[in-house]
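Step one of this worksheet: look at the structure below.
The values are calculated or read from the model by the stated rules, or taken from the named source; none is laboratory data. Bear in mind that the values here come from a model prediction, so they are computed numbers and not experimental data. With ideal geometry, Cβ positions are generated from the backbone for all residues, glycine too; neighbour counts draw on all protein chains shown. SASA here: full protein model, heavy atoms, side chains in, ligands and nucleic acids out. Shrake-Rupley method; radii C 1.70, N 1.55, O 1.52, S 1.80 Å.
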Amino acid sequence: MTESLDPITEAHRQWTAHGWDDAAEGMEVVTSITRVQQIFQAEVDAALKPHGLTFARFELLRLLSFTKTGALPLGKVGARLQVHAASVTSAVDRLERDGLVERQANPDDGRSFLATITTLGRKVVEEATLDLNSQVFEDVGLSAKDIADLRRVLGKLR
């Protein structure tokens, strides 16, 4: 019978064996989070693919749909999503090409633009949200206590 070996636990053992004790636990945490992110990303991608969205574009549409006017300055989008301005520009460009967002001059600041969700964008993000909720978010495979603990710890890291 073959024994199941957790590769990340084995990497921790190797780190320690090679004298990197001070870094072993951090390596295990970062590697574990990276691996879990890959697993979740695959699930999210599968749920969003039928809607023609990436998670970045979904987040942007969802953010816009939560606002009173359906619009935000591009700079504010980046700050709220915690992403670089170039990433916002790229996502808005793609969403605009797909007819899900319109770029408009900001009436409060002539130097900036607003990203405004379209009617089609609202429809797509609502449908995508239902799929993400049912296929990914409603059951991440952890107990309520584990989820609360993880949210607290990840909040510290963010």
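Remarks
- Any hit, segment 103-119, residues being of a type in the set (D, E) and either under 17 Å from the mean Cα position of the chain (by Cα) or within 30 Å of L142 (Cβ to Cβ) (or both): no
- Positions within segment 140-158 being modelled with pLDDT under 95 and either open to solvent by less than 50 Å² (accessible area, probe 1.4 Å) or of a type in the set (D, E) (or both), in sequence order: G155
- In summary, helices (runs of 4 or more DSSP H) completely within segment 49-158 and bearing 3 or more residues that are in contact (Cβ under 8 Å) with a residue 24 or more places away in the chain occur at 55-66, 74-81, 85-97, 119-132.
- Leading residue by the ranking (most open to solvent (accessible area, probe 1.4 Å)) among those in segment 33-80 that are polar (S, T, N, Q) and under 21 Å from S112 (Cα atoms): T69
- Within segment 113-138, tally of residues that are at pLDDT below 95 and not hydrophobic (A, V, I, L, M, F, W, C): 0
- In the set (1) surrounded by 12 or more Cβ atoms within 10 Å (Cβ to Cβ); (2) modelled with pLDDT of 95 or more, the condition left unmet by T89 is number (2).
- Matching residues in segment 98-139 - criterion: being touching a Gly at 6+ places or on another chain (Cβ under 6 Å) and open to solvent by 30 Å² or more (accessible area, probe 1.4 Å): L120
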